[in-house]
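The values are calculated or read from the model by the stated rules, or taken from the named source; none is laboratory data. The model shown is predicted, which means the values in this text are computed figures rather than measured ones. So basically every Cβ, Gly included, is an ideal-geometry build from the backbone, and we count neighbours across all protein chains shown. For accessibility, only protein heavy atoms count, side chains too; no ligands or nucleic acids. Shrake-Rupley method; radii C 1.70, N 1.55, O 1.52, S 1.80 Å.
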Amino acid sequence: GDKPLVYLDNAATTQKPRQVIEAISSYYEQDNANVHRGIYELSRRSTRDFEAARERVARWIGAPDATEVIWTRGTTEALNLVASSWGMEFLKEGDEILLTEQDHHSNLVPWQLVARRTGAVLRYVSIDEEGRLELESLDALLTARTRVVAISHVSNALGTVNPVKEIVERAHAVGAIAVVDGAQGAPHLTVDVVDQGCDFYAFSSHKLCGPTGVGVLWGRRELLEAMPPYQGGGEMILEVEKEGSTWAALPHKFEAGTPNVAGAVGTAAALDYLEALGRDAILAHERDLSAYCIERLSELPGVRIFGPAEVMDRSGVVPFNLEWAHPHDVATILDTEGVAIRAGHHCAQLVMKRYCVSATNRASFYVYNTRDEVDRMIDALRVVQGIFG
Ligand code: PLP
């Protein structure tokens, strides 16, 4: 269109700074070779960059040891890895998997699949009117049969920041492991997996200014070592015989095949970029925009805002509906005004069902967004109001 773009769909994916694009093209121009194989200089450079990126990720999430950091295609693959490898090895009939109504499908469906295959039973923590997990119900839901608690650090559909540390402690108290979907956590909050106490933490690079197709699973060493490989292939073996094979040490046991080296390099560049801005500053900026957005939305008639009223309990995600216009119509008209927001179920259909809506509008902010852009969205919503209101 002819209107300057206002991009407010950062919970879906973020735009890429020049530093990230340049790191990727420079890798391809100067250092490209396969990793961990070549005995020549170029492959050594590629391997060095790839492993340095792993160290960079470890620092970002406070992981004590970079060999506990596994490269994946993204959050979805990381969570499937845990459900499939840990779940198929350790879950049995009657064991319980505790999920939440708040979660993204990528933290629900992998556990549903493994439950079907193992006979494990699914339980759900419900959410209250404001989109907070109903922790009072944890007493009843956490039992000696609970083996896994899978939650999200921050809800993509509501913006709620969850008290992960407390939930992890309570999971551990009944002997369950805690799996954290950090897709909306790692880009926006300071993450320290040791302090949080979780057993697994997953996130995607593309939601923190990095490239698509790459993400991370961090896992506790003892658990990763006890788990069977997720996929078989090159890179992940120690010795192959006709009847079977032995596995490479961590992290390579979980990295079958040629990895996304350029993706890892781009991820490291994105983390450097964000670190330079300062993580506290990023979160403060997002919360400022959320508060401003909520304030301005409240000027409109018939507006319903989802998620916690207290802005300190949310990140930069503002879901809302208008009584007088369907979310898909809203987003379509906003698009003609140059404003990109999301409308839909946000891969969280249980959240939609909880609030008896089929879809919501969602504005989500990141480092480069401004209050002026929020104003542009409100102006565009006035256009919608002129048509439907
Ligand atoms: N979990 C949450 C909370 C998300 O917001 C997303 C993003 O869509 C995902 C998981 C899945 O991430 P990806 O599609 O990058 O694997």
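List of remarks:
- Residue check, Gly263 in contact with a Lys or Arg (Cβ under 6 Å, 6 or more places away or on another chain) and within 16 Å of the ligand (Cβ to nearest atom): no
- Comparison of Thr47, Thr72 shows that the only residue that is of a type in the set (Val, Ile, Thr) and closer than 30 Å to Arg117 by Cβ is Thr72.
- Among the residues of segment 49-71, just one is open to solvent by 10 Å² or more (accessible area, probe 1.4 Å), under 22 Å from Thr212 (Cβ atoms) and not in a helix (DSSP H, G or I), namely Trp71.
- As a summary of the residue check, Thr14 satisfies the conditions (1) outside any helix (DSSP H, G or I); (2) in contact (Cβ under 8 Å) with a residue 12 or more places away in the chain; (3) over 20 Å from the mean Cα position of the chain (by Cα) except for the one numbered (3).
- The single condition among (1) in contact (Cβ under 8 Å) with a residue 24 or more places away in the chain; (2) within 15 Å of the ligand (Cβ to nearest atom) that Gly344 does not meet is (1).
- Filter pass, Pro110 being away from the ligand (no atom under 16 Å from the Cβ), at pLDDT 95 or above and either closer than 30 Å to Ser315 by Cβ or within 17 Å of the chain's Cα centre (by Cα) (or both): no
- Tallying residues that are more than 16 Å from the ligand (Cβ to nearest atom) and not β-branched (Val, Ile, Thr) within segment 61-76 yields 6.
- Meets criteria (within 14 Å of the ligand (Cβ to nearest atom) and either buried (at least 24 other Cβ atoms within 10 Å of the Cβ) or within 30 Å of Gly344 (Cα to Cα) (or both)) for Asn156: yes
- In the set (1) assigned to a helix (DSSP H, G or I); (2) buried (at least 16 other Cβ atoms within 10 Å of the Cβ), Pro259 fails one condition alone, (1).
- Count of segment 224-256 residues which are in contact (Cβ under 8 Å) with a residue 24 or more places away in the chain and surrounded by fewer than 17 Cβ atoms within 10 Å (Cβ to Cβ): 8
- Complete set of residues in segment 177-198 that are more than 13 Å from the ligand (Cβ to nearest atom), closer than 23 Å to Leu277 by Cα and open to solvent by less than 10 Å² (accessible area, probe 1.4 Å): Val191, Val193
- Residue identified as more than 16 Å from the ligand (Cβ to nearest atom), in contact (Cβ under 8 Å) with a residue 40 or more places away in the chain and closer than 28 Å to Cys356 by Cα among Leu79, Leu91, Leu98: Leu98
- Residue in segment 199-215 that is open to solvent by less than 30 Å² (accessible area, probe 1.4 Å), over 15 Å from Leu99 (Cα atoms) and either at pLDDT below 95 or among the β-branched types (Val, Ile, Thr) (or both) present: yes
- As a summary of the residue check, Leu42 satisfies the conditions (1) touching a helix residue (DSSP H, G or I) at 6+ places or on another chain (Cβ under 8 Å); (2) closer than 29 Å to Arg221 by Cβ except for the one numbered (2).
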